[in-house]
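Asker: Dumping the structure here so I can ask a few things about it.
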Amino acid sequence: MYWADELASRLSGPQVVNDSKTPSGTVHVGSLRGPVVLDAIWRALRARGLEVRLLYGVDDMDPMDAQALLTPDAVERYMGVPLAHVPAPEGSTAPSYARHFAGLFLATFAGLGIHPETYWMSELYPTGALDPYIRLALERADRVREIYRRIANVQHPPTWHPVQVVCERCGKVGTTIVTDWDGQRVFYECRAELVAWARGCGYSGWVEPFGGRAKLPWNLEWAAQWSIFGVTIEPNGKDLATAGGSRDRSDAIAREVFEREPPINLPYEFLNIGGRKMSTSKGRGAAAHTMAEVLPPELLRFLFLRYRPNHAIDFDPAGDTIPRLFDEFDRIAAAVAGRAVKGELPPDHERIFALSLLDPDADPVVEASRFRPDFSQLAMLVQVPSIEIEARVAAEKGAPLDRAEQLILGDRIRAARAWLDAYAPERARIVVRDELPEEARRGLAEEQRVYLGALALAADVARPSSGEAWQNLIFRVAEEAALAPGRAFGAIYLAFLGRPNGPRAGWLLAALERGFTIERLREAAGWGPAPEGPATDGAEEATG
């Protein structure tokens, strides 16, 4: 059973699934794992017939802090100010820094088929919804301090109270500390050196901490969200789930301060790049909204859903990672459609495919049966001038594309162009020479020339059109000629590209007009033009 279905099978009654994010800068693609995991849980609960709400919050009352300072768009003079009150980066039309970056991130959700109810903490505080929890935290401050000591070994002085006032003079919240509470008002100080990353103004005074004039520290705010919304399930990144970490503290606060059982936890691993965690603040990883433009939504969902949440994913968009992701998705789609595939499949591959689809009610078998053009071949086709790509793909399918397949093709063409522009290795970029390259005239060995001539003859008979058919033919002729595959591929690349390497050779040749391909192979072999007349009639196309 798929992990989300396992979880759903243990539950009954109404459920509320929640997550939230601090919009401290550009959100990297790894942060999409949380929303996709949430949506998988929501779908699994819905499939069991349970009533379920899907929530996503923006913690925009958090201060601009050291993490934001490391991003190029941080504005140092606003350090310590709630992100909701910091101006948006120059050129943005958003009303605040938080709205700008959270807006970019949230905009990717609908494209991924994720439709949560969204809440903003900057809107929630002024309504008074947090006031009862602020009061409880202040009345039970000694209990909160004890939890911090016991769970996290954090020693707060006896005067420390768990609330942060928005300074009435400078507007900062990250530099204030509350040291007294009289049952209705708190005494706070905006200290110059409370934190290393922001400087307080030195103001102090008494203020009622309600109605948005103050906020709870993160661990208490998190626990308060659970009570306000009745959250029953909240996954989180493994960095928050370490022993003594944020989740342990918030769980204890929920039970011992706010007197409610915390939601079910489901820690999920990071999306790594080069074996290291993606990090907005350290400049590692692709932006979520950028990657959503490169990967079609079903592929972006698949990236996260093909593994259990506790499995770390290493994803470097550079190189061949993205083509391999397409290949694996297409392999699983073929298996769901009932076609034979090579290699071992995940035991829950049908469920993985179904959950990767945007529409939770779509028929997986019908969707898996759609024709999906090979990504690597498309990446070559978009680089070849004067090619009608849809006609070429329809020919490979053997029938016109239906409307859904046209949309799939359009998504993949955009993805291929974006990959080539930003992430593809040099060998994937092609410029097919109009004439036989001089590098081929000088660099081909005799055995390679003989091989290219044999390949021309075989292609004239077999008439391959698909990348796989060409690839099989390339290997077969190389074996018959007793030529190592590397030498065979090198000969093809020299003949067409003028270099010793390139993309998958079969798909390269399939992207070209067959007559041109055969003539180029003959010329590289040192032969004259092919005799006039039609190719052999009735010949069957080489197949896998």
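Asker: Take the residues in region 204-224 that are in a strand (DSSP E or B) and farther than 22 Å from R255 by Cβ; name whichever of them is most open to solvent (accessible area, probe 1.4 Å). Before you say what the answer is, go through the steps one by one.
Answerer: Keep residues of region 204-224 that are in a strand (DSSP E or B), which gives 204-207, 214-215.
From what's left, farther than 22 Å from R255 by Cβ: 204-207, 214.
Working: S204: 55, G205: 12, W206: 100, V207: 14, A214: 0 Å².
The selected residue is W206.
Asker: Please name all residue pairs, on different chains or six or more residues apart, with Cβ atoms under 7 Å, provided the first residue is in region 1-23 and is touching a residue at least 24 places away in the same chain (Cβ under 8 Å) and among the aromatic types (F, W, Y) and the second residue is outside any loop (DSSP other than H, G, I, E, B) and open to solvent by 10 Å² or more (accessible area, probe 1.4 Å).
Answerer: Y2/R351
Asker: How many of the residues making up region 160-203 are open to solvent by less than 40 Å² (accessible area, probe 1.4 Å), under 27 Å from A68 (Cβ atoms) and either modelled with pLDDT under 95 or part of a loop (DSSP other than H, G, I, E, B) (or both)?
Answerer: Residues in region 160-203 being open to solvent by less than 40 Å² (accessible area, probe 1.4 Å), under 27 Å from A68 (Cβ atoms) and either modelled with pLDDT under 95 or part of a loop (DSSP other than H, G, I, E, B) (or both): 14 in total.
Asker: Can you work out which of the residues in region 357-382 that are outside any helix (DSSP H, G or I) and open to solvent by 40 Å² or more (accessible area, probe 1.4 Å) is nearest to R324 (Cα to Cα)? Spell out the reasoning first.
Answerer: Going residue by residue through region 357-382, those that are outside any helix (DSSP H, G or I) are 357-363, 369-374, 382.
With the extra rule that they be open to solvent by 40 Å² or more (accessible area, probe 1.4 Å), the set shrinks to 358-361, 363, 369-371.
Values: L358: 21, D359: 24, P360: 25, D361: 27, D363: 25, S369: 20, R370: 19, F371: 18 Å.
Here the residue is F371.
Asker: Return the residues of region 303-323 that are within 9 Å of the chain's Cα centre (by Cα) and under 16 Å from F375 (Cα atoms); say none if nothing qualifies.
Answerer: Listed by number, the list holds a single entry, L303.
Asker: Now, a different point. Does V29 satisfy the criteria of being open to solvent by 10 Å² or more (accessible area, probe 1.4 Å), of a type in the set (A, V, I, L, M) and in contact with a Leu (Cβ under 7 Å, 6 or more places away or on another chain)?
Answerer: Details: open to solvent by 10 Å² or more (accessible area, probe 1.4 Å): no; of a type in the set (A, V, I, L, M): yes; in contact with a Leu (Cβ under 7 Å, 6 or more places away or on another chain): yes.
Spelling it out, it is not the case that V29 is open to solvent by 10 Å² or more (accessible area, probe 1.4 Å), of a type in the set (A, V, I, L, M) and in contact with a Leu (Cβ under 7 Å, 6 or more places away or on another chain).
Asker: Counting only residues that are open to solvent by 40 Å² or more (accessible area, probe 1.4 Å) and either modelled with pLDDT under 95 or not acidic (D, E) (or both), how many does region 233-248 have?
Answerer: First, the residues of region 233-248 that are open to solvent by 40 Å² or more (accessible area, probe 1.4 Å): 238-240, 242-243, 248.
From the residues that got through so far, the ones that are either modelled with pLDDT under 95 or not acidic (D, E) (or both) too are 238-240, 242-243.
The total comes to 5.
Asker: Among the residues of region 124-159 satisfying the criterion of being open to solvent by less than 70 Å² (accessible area, probe 1.4 Å) and free of Cβ contacts under 8 Å to residues at least 24 places away in the same chain, which is nearest to A243 (Cα to Cα)? Full working, then the answer.
Answerer: Step one: list which residues in region 124-159 are open to solvent by less than 70 Å² (accessible area, probe 1.4 Å), which gives 124-125, 128-131, 133-134, 136-138, 140-141, 144-148, 151-152, 154, 156-157.
Within this subset, residues satisfying the condition of being free of Cβ contacts under 8 Å to residues at least 24 places away in the same chain are 145-146, 154, 156-157.
Details: R145: 18, E146: 17, V154: 13, H156: 19, P157: 23 Å.
It comes out as V154.
Asker: Name every residue in region 1-24 that is of a type in the set (G, A, S), outside any helix (DSSP H, G or I) and buried (at least 24 other Cβ atoms within 10 Å of the Cβ), in order of residue number. It would help to see each step written out before you state the result.
Answerer: Taking region 1-24 as the starting set, the residues that turn out to be of a type in the set (G, A, S) are 4, 8-9, 12-13, 20, 24.
If we keep only those that are outside any helix (DSSP H, G or I) as well, we get 12-13, 20, 24.
Of everything in region 1-24, just one residue is of a type in the set (G, A, S), outside any helix (DSSP H, G or I) and buried (at least 24 other Cβ atoms within 10 Å of the Cβ), namely S24.
Asker: Right, next: How many of the residues making up region 249-269 are assigned to a loop (DSSP other than H, G, I, E, B), of a type in the set (D, E) and surrounded by 16 or more Cβ atoms within 10 Å (Cβ to Cβ)? Full working, then the answer.
Answerer: Just the residues of region 249-269 that are assigned to a loop (DSSP other than H, G, I, E, B), to begin with: 257-263, 265-266, 269.
If we keep only those that are of a type in the set (D, E) too, we end up with 259, 261, 269.
Narrowing further to those that are surrounded by 16 or more Cβ atoms within 10 Å (Cβ to Cβ): 269.
Total meeting the criteria: 1.
The values are calculated or read from the model by the stated rules, or taken from the named source; none is laboratory data. Just so it is clear, the structure is predicted and the values come from calculations on it, not from any experiment. We place every Cβ from the backbone using ideal geometry, glycine too, and count neighbours over all the protein chains shown. Just the protein is used for accessible areas: all its heavy atoms, side chains included, with ligands, DNA and RNA removed. Shrake-Rupley method; radii C 1.70, N 1.55, O 1.52, S 1.80 Å.
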